[in-house]
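Comments concern the structure below.
The values are calculated or read from the model by the stated rules, or taken from the named source; none is laboratory data. These figures come from a predicted structure and were not determined experimentally. Using ideal geometry, Cβ is built from the backbone for each residue, glycine included, and neighbour counts are taken over all protein chains shown. For the accessible areas, the whole protein counts, side chains as well, though only heavy atoms, and no ligand, DNA or RNA atoms are used. Shrake-Rupley method; radii C 1.70, N 1.55, O 1.52, S 1.80 Å.
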Amino acid sequence: MSREPERTLSDHAAHNRERWDQHSADYQLAHGAQLAASGGAAWGVWQLPESQLRALGDVRGRDVLEFGCGGAQWSIALAALGAKVTGLDNSARQLEHARALMAKAGVDFPLVHASAESTPFADASFDIVFCDHGAMSFADPHATVPEAARLLRPGGLLAFSMHTPIVDIAWASGADHPTAQLTRDYWELHILEEPGEAVCFQLPYGSWIRLFAASGLRVEDLLELRPPPDATSSYRDETDRAWALRWPMEHIWRLIRTP
Ligand SMILES: C[S@@+](CC[C@H](N)C(=O)[O-])C[C@H]1O[C@@H](n2cnc3c(N)ncnc32)[C@H](O)[C@@H]1O
């Protein structure tokens, strides 16, 4: 695993590093089985298969960066499909899990310990930058979107899943579930903080689109994820599933790097 060079971590990246380091073992215990059962290449809390969504497309021979890889379940699956993957994560503990799962799978690829807000890679190093509820949810998009764009070759793909602005404004601070009412101010969406939790990020739709355009990224698609009626998840329960069957809880942005 490469060592992070001397870089200044933002306050929220430092907070989230500590939080994810503390939380990593419990997280892998709680969700590792579901991530393993879906084979790694599956999106979001309901693990909808990439083979159906085709959000990444053909990855064979492509230089792919996972932006907040956690245990690298996704990267291991993409390596098996012939991608040349690199996993990046802000948490050393998460990368330890990644290393163990890579050894178990008999695959090897670079793991980099750094924040996605400021990475050690050269410009235009990758064909695909992606994550599934990864750094794009836990780091400031005003830093990560331009950074991902910088790392992509012209025509390259940035694809990432995260919560929707809709669920974030329907989810009251401290509540266990989103509700059928809008409780959080839409216009103020940016930093979402809960005591003792990792800091998350969200923007209003228009702000996302203007940030993509300013960073040299063209919107190709917004895949809104609807679970099957009988979906189960280690992350969510039937109350959340009922919500997600009515409104979009998660989505995947697909963006193309302009020349
Ligand atoms: C929910 S996990 C996603 C990983 C994997 N897709 C999964 O479902 O387990 C979120 C990951 O984002 C990482 N992360 C948080 N902030 C980050 C940052 N600033 N840069 C890179 N990774 C970050 C965390 O350390 C954690 O491993």
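Using unit Cβ charges (K, R positive; D, E negative) and no other charged atoms, how large, in debye to the nearest 20, is the dipole of region 11-257 about its Cα centre? Present the calculation step by step, with values, prior to reporting the outcome.
Numbers: 20 positive and 32 negative charges, 164 e Å.
With only Lys, Arg, Asp and Glu charged at Cβ, the dipole is about 780 debye.
What FRET efficiency do you get for residue 185 and residue 100 if R0 is 51 Å and r is their Cβ-Cβ distance, rounded to the nearest 0.05? Mind dumping the intermediate values first?
On the way: r = 42 Å, r/R0 = 0.83.
Computed FRET efficiency for residue 185 and residue 100: 0.75.
What's the extension gain from residue 224 to residue 238 if we count 0.36 nm per residue and subtract their Cα-Cα distance? Kindly include the intermediate steps, with their values, before the conclusion.
Values: separation 14, 0.36 × 14 = 5.04 nm, distance 1.90 nm.
Computed gain between residue 224 and residue 238 is 3.1 nm.
Residue by residue through region 30-44, which ³J(HN,Hα) values in whole Hz follow from phi under the Karplus form 6.51 cos²θ - 1.76 cosθ + 1.60 (θ = phi - 60°), with glycine and proline marked x?
6, 10, x, 5, 5, 5, 5, 5, 8, x, x, 8, 8, 9, x
If you roll a 1.4 angstrom probe over the protein chains with everything in place, what fraction of the accessible area of the chain belongs to carbon and sulfur, to the nearest %?
Numbers: 6100 of 11770 Å².
Within the chain, the accessible surface is 52 percent carbon and sulfur.
Nearest 5 percent is fine: what portion of the DSSP beta bridges confined to region 11-257 is antiparallel? Each step should come with its number before you reach the end.
Details: 19 of 36 bridges.
Around 55 percent antiparallel, to the nearest 5.
Report the Cα centroid-to-centroid distance between region 213-259 and region 35-77 in angstrom, as an integer.
14 Å
Check which residues have an amide H placed less than 5 Å from residue 134's amide H, if you skip close sequence neighbours.
161
If amide H atoms are built 1.01 Å from N in the plane of the peptide, which residues on other chains or at least 5 residues away come under 5 Å of the amide H of residue 112?
87, 88, 89
Give me the one-decimal nm value for the distance between modelled label points at residue 37 and residue 197, 7 Å along each residue's Cα-to-Cβ direction.
2.4 nm
For a quick protection proxy, order the peptides 163-174, 194-205, 82-93 by their average other-Cβ count within 10 Å, most packed first. Please list the in-between numbers first.
On the way: 163-174: 17.2, 194-205: 15.0, 82-93: 22.8.
Peptide ranking by packing, descending: 82-93, 163-174, 194-205.
Relative contact order, percent, of the chain when contacts are C-alpha pairs under 8 Å separated by at least 6 residues?
Taking the mean separation of contacting Cα pairs over the length of the chain, I get 19 percent.
For the chain, what does the helix formula give at 222 nm: sum of -39500 (n - 2.57) over DSSP H segments with n ≥ 4, over the residue count, nearest 500 deg cm²/dmol?
Details: 9 runs with 93 residues, N = 259.
My calculation for the chain gives -10500 deg cm²/dmol from helical runs alone.
Where the eigenvalues come from the Cα gyration tensor of the chain, what are the semi-axes √(5λ) of the equivalent ellipsoid, largest first, in whole Å?
Values: eigenvalues 127, 90, 76 Å².
Rounded to whole Å, the semi-axes are 25, 21, 19.
Around residue 82, with a cut-off of 15 angstrom between Cβ atoms, what is the net charge of the other residues, counting Lys and Arg +1 and Asp and Glu -1?
Working: positive: 60, 62, 84; negative: 50, 58, 63, 108, 127.
For residues surrounding residue 82, the net value is -2.
So, for region 11-257, what is the accessible surface per residue at a probe of 1.4 Å, expressed in square angstrom? Walk me through the numbers before you get to the answer.
Numbers: 10660 Å² over 247 residues.
Spelled out: the 1.4 Å probe surface of region 11-257, per residue, equals 43 Å².
In terms of modelled amide H atoms, which long-range or inter-chain residues lie less than 5 Å from the amide H of residue 220?
For residue 220, whose amide H was placed from the backbone, the distant partners under 5 Å are 254, 255, 256.
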